[in-house]
Structures are given as C-alpha cells and as structure tokens.
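Read through the structure below, which is laid out as structure tokens, and then see the notes.
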Amino acid sequence: MAINNPPHPGEILNELYLKENGLSISKTATNIGMSRQSLSELVNGKNGITAQTALRLAKAFNTSPRYWLNLQNAYDLYKAEKSINLDEVEELV
C-alpha cells in the first residue's frame, strides 16, 4: 500500500515523543548521546534517521529500531518517487 506524503520522521519524533513527554531537544540529545545540533536538524527535517540514531531512539522511547528506519524509508521513497522520471527505464525481465 502506498503512503501519500508521509511526514518526515523528525516531525513524528517531535510531535509524538518530545512534545507528548515534555522533553526538550537538549535533554533528549544528551540522553541519547547525540549533539543538540544533530537532533535539532533531525527534528527540523534537515537530516534523516541513521541506523545508529534508530537504535538510540528505540532504546530511549521503548520502540524498535525498525520503526524509526521504516519511517525514514517511507519518507525517502515518497520523495524519490516524486523526483525521478522512470520513463526511459525498461523492464529487463
């Protein structure tokens, strides 16, 4: 099933985890071993979730790393589908 315009994972992190739990970017960054700048860039959609970040977020928020990576993959795939022209790509099999 295709997802229409999924939010950036940083938006989900901010809305569902930081705001809901009254957490600041600074406190969260310190807790998960990231710089405040890196976490701020993630929350503001300027960078994405890496495997290492997914592991840190999963531990901090009692989720799974796959949850975070799946959010990032859905976002990346949607953006790629909107920006690539596949008209000249031929099926090989």
Legend entry - Subset tally (residues that are in a loop (DSSP other than H, G, I, E, B) and in contact (Cβ under 8 Å) with a residue 12 or more places away in the chain) for the range 48-71: 2
Inset, instruction - Look through the range 33-60, keep the residues that are among the aliphatic types (A, V, I, L, M) and buried (at least 18 other Cβ atoms within 10 Å of the Cβ), and return whichever of them is farthest from Gln72 (Cα to Cα). - result: Met34
Legend entry - In the range 7-45, the residues that are touching a residue at least 12 places away in the same chain (Cβ under 8 Å) and assigned to a loop (DSSP other than H, G, I, E, B): Pro7, His8, Gly33, Met34, Asn44, Gly45
Inset, instruction - List the number of the failed condition for Trp68; all other conditions in (1) closer than 14 Å to Glu11 by Cα; (2) surrounded by fewer than 15 Cβ atoms within 10 Å (Cβ to Cβ); (3) in contact with a Leu (Cβ under 9 Å, 6 or more places away or on another chain) hold. - result: (2)
Inset, instruction - Quick one: count up the residues across the range 78-93 that are without any contact (Cβ under 8 Å) to a residue 12 or more places away in the chain and either surrounded by 15 or more Cβ atoms within 10 Å (Cβ to Cβ) or part of a helix (DSSP H, G or I) (or both). - result: 5
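Just so you know, all these numbers are worked out from the coordinates, no wet-lab data involved. Because the structure is predicted, anything quoted here is derived from the model rather than measured. We place every Cβ from the backbone using ideal geometry, glycine too, and count neighbours over all the protein chains shown.
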